[in-house]
Amino acid sequence: MSGADHTVLGGAEVDTPARGTRGEQVMQEELGTECRAERFYAHQMCRVLHPAMIEFIDRMELLFIGTAAADGSCDVSLRAGPPGFIHVFSADLLGYPEYRGNGVMASLGNIVENPHIGLFMADFADDLIGLHVNGTARIVADDELRRTQPGLPTERVRGRAAERWVLVQVDEAYLHCRKHIPHMVPVSRDRDWGTDDQRPKGGDYFGVAADRKGHT
């Protein structure tokens, strides 16, 4: 889907979602889904975060992110944290922290080349519903963000301090229906935030390193 249009009536912004990309329109025409798509655009597409979406984001512990390099090659990754680790600063701006990882910087590298980003969150435990947020991303240092957002909480858990933040200017947000979302039951576990220890990280789970070592 594409970013949404908006008009100004009497000095107030009115949410008037765009009708998708040209590719969406081509496939809707080919498969005869225009009416269904129009209903969805009219009923569910938002240019900014609806208050219920903000409440939903505030309790999320998982965030899936999709980015692409300048040449279009894609990457999907996962971010996780305690409820509230994704911060909504306004109805059209949210941010998430980047903790210490494997050092590859695949997502951040893509954002440097191409700022378009797709976010997906789902409640697998209770409401069984999902939320898409698409927008434009930029990378901000932790101290820089705290100068503009002085109320941002300080993380006390070792290994969970943000090395930097990704701020996302919201272009569109919309519901993902529940019919295919699996029901999962949360189980508490200790997590080794920010560790470089290979054992808690999963080590060579798929055996790639061992296989390559055996061929050298």
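Every read-out reported here was derived from the displayed coordinates using simple, explicitly stated rules and does not represent laboratory data. These numbers were taken from a predicted model, which means no experiment stands behind them. Cβ sites come from the backbone with ideal geometry, for glycine too, and all protein chains shown count toward neighbours.
Annotations
- On Cα atoms only, tilt of 22-31 relative to the major axis of the chain in degrees: 70
- Amide H contacts of F89: L94, G95, each under 5 Å away and 5 or more positions distant or on a separate chain (H built 1.01 Å from N in the peptide plane; Pro and chain starts excluded).
- Overall dimensions of region 135-216 as given by Cα atoms, namely Rg and Dmax in Å: 19.4, 53
- Gaussian network model of the chain, springs between alpha carbon atoms under 10 Å - residue of G84, G203, G135 with greatest fluctuation: G203
- Here the chain is assigned +1 on the Cβ of each Lys and Arg and -1 on the Cβ of each Asp and Glu. Its dipole about the Cα centre then comes out at about 600 debye.
- Close amide-amide hydrogen proximity is noted between H116 and A137, each under 5 Å apart and 5 or more residues distant or on a separate chain (H modeled in the peptide plane; Pro and chain starts excluded).
- Under-5 Å amide H pairs with H176, H placed in peptide plane, nonlocal only: G130, L131, H132
- Applying the Karplus relation 6.51 cos²θ - 1.76 cosθ + 1.60 with θ = phi - 60° to region 43-55 yields 3J(HN,Hα) values of 9, 10, 6, 10, 7, 10, 6, 5, x, 5, 5, 5, 4 Hz, where x marks Gly and Pro.
- For the pair region 33-103 / region 169-203, the C-alpha centres are spaced 13 Å from each other.
- Taking each DSSP H run with n ≥ 4 as -39500 (n - 2.57) and averaging over every residue of the chain yields -7000 deg cm²/dmol at 222 nm.
- Prolate/oblate/rounded label for region 47-186 (Cα gyration tensor, a/c 1.5): rounded
- Coupling constants for region 110-115 follow from the phi torsions by the Karplus curve (6.51 cos²θ - 1.76 cosθ + 1.60, θ = phi - 60°), and in residue order they are 5, 4, 4, 7, 8, x Hz; glycine and proline get x.
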